[in-house]
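Below you'll find the structure, written out as structure tokens, and then a few comments.
Each value in this text was obtained by applying a stated rule to the coordinates, not by laboratory testing. Computed from a prediction, not measured in an experiment: that's the story for all the values here. Positions of Cβ are backbone-derived with ideal geometry, glycine not excepted, and every protein chain shown enters the neighbour counts.
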Amino acid sequence: MTAAIPVLAFATYDRNAKLAGLLLGIWGGGAMVGSMLALRLVRSIDPYRLGTVAWMLQALPLWGILVSRSSVVAIVALALSGVANGVRVPPIIGLTTRRIPRRIRGETMTTASSLVVGAGFFALLASGPALDNLDIVVVWGAIAALQTAAAAIFVRAARQPIATP
Amino acid sequence: MLYRRPLLALIAAELISSLGSLMTVVALPWFVLETTGSPVRMSIVLAAESAALLLVGIPSSRLVARIGSRRALMLCDAVWAPVTVLIPILHFAGALSFPLLVVLSFLAGVPWAAHAGSQSAVVPDLLGEDVGRVAQANALLQTLSRLAYFAGPALGGVLLAAFGAPTVLLIDAASFVVSLLLVAAFIPATEQRAEDAAPLATAGGWRFIRRDAWMRPLTAAQALSQAAFMA
């Protein structure tokens, strides 16, 4: 999204630089609002359920941008996706930190952070050639598919009873 | 829950150091462009920081295991502060070559993973194992972190225009010192280090992620999600 949104605004929305800034900002603003919502929600909703619903809501609006070329749809879709991201991260961090035995928690979280950020770095590297050679619709479809796959993996993991290590 | 002093200290440390770092997100590329006039050199400096994360991230988890999350947080700030302050100091002294700047940028990327991992790990040490409380604290940390993502670059831009990039880097270095002092003064040393506890500790973070029925799919999902975010 970080690399693709400027290209999306450039290619689909008549080279609208203001819209590019708005689309990037609205996702981040939505995520901040989502984090504030999570402050309340994590006390009243089961964290597995909250994480599952929020992750699906983060992925699904991204497909809307492929369905409609309206800039309003893009703004609303990214705002919803951002809010859902802000809601889903805190319960998942809470579940994860509790899952890992305390004595290896720091080490495991550091390894996980490295893997996650590394994946983002390589995706950023790949996005340049992809955006250069493929239609933005194809690249955006891949982004939506990646986020949906991530949500599906989490939903599947959260549905299975998992023994404590 | 939010009025616990160690948690408030952790949140303040995170907010202050994040604000400084996100000011530098604007100031460092600007500094490179001003001093070299080369976008290619700017991208090399930025890539050096990311390269450190990729090369050192997973190995740094062993260090976190050895010294514990609280001390890892302090060590990260103790690395970041001098590395960041050296850039303007060497620049003012006329001793900052481009290769040296790349090395300093690489060093600035080294603590990143250890800091992110330790910060998540230290929250349950402060609040106990209740998922709801830990999640609520993380929600607050995330909210302020995202606020810093908005305010930091904007503030960095204003300070950059008013005082120049070296001053912004000095402020960032000071923010790491403040963060270090807050963690040292207010976060108690309650953690159990890996050396105290066999045999799981010897399995290591990587092995746990690979074998655990929850961590394996979750880490894969997080990696895919981050890839979608960055692409």
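So what does the Cα-only Debye profile of chain A read at q = 0.12 Å⁻¹, as log10 I(q)/I(0), no solvent term?
Ignoring solvent entirely, the Cα scatterers give -0.59.
Which order do A:PHE154, A:PHE10, B:PHE163 fall in if you start with the one that has the fewest other Cβ atoms within 10 Å?
Ranking A:PHE154, A:PHE10, B:PHE163 by Cβ neighbours within 10 Å, fewest first, gives B:PHE163, A:PHE10, A:PHE154.
Filter the DSSP H helices in chain A by two things, a Kyte-Doolittle mean of at least 0.5 and an axial alpha-carbon span of 30 angstrom or more, and list the hits by number.
Membrane-span-like by this rule: A:17-44, A:47-67, A:71-99, A:105-133, A:136-159.
Determine, from the Cβ-Cβ distance of A:SER68 and B:ALA161 and an R0 of 41 Å, the FRET efficiency 1/(1 + (r/R0)^6), rounded to the nearest 0.05.
0.55
For helix B:39-67, what angle does its Cα long axis make with the longest principal axis of chain B, in degrees from 0 to 90 and rounded to 10?
The answer is roughly 30 degrees.
Taking neighbour counts of Cβ atoms within 10 Å as a proxy for exposure, in what order, fewest first, do A:ASP46, B:ASP125, B:ASP172 appear?
A:ASP46, B:ASP125, B:ASP172
What is the fewest-to-most order of B:THR143, A:THR97 by other Cβ atoms lying within 10 Å of their Cβ?
B:THR143, A:THR97
Calculate the spin-label point distance for B:SER38 paired with A:ASN16, positioning each point 7 Å from the Cα along the beta-carbon direction, and give it in nanometres.
3.9
Expressed as an acute angle from 0 to 90° and rounded to the nearest 10, what is the orientation of the C-alpha long axis of helix B:215-230 relative to the principal long axis of chain B?
In chain B, helix B:215-230 runs at an angle near 20 degrees to the longest axis.
Over the range A:4-158, what relative contact order in percent results from Cα pairs under 8 Å that are six or more residues apart?
The value is 31 percent.
Tilt of helix B:165-186 relative to the longest C-alpha principal axis of chain B, in degrees (0 to 90, nearest 10)?
Between helix and principal axis, roughly 20 degrees.
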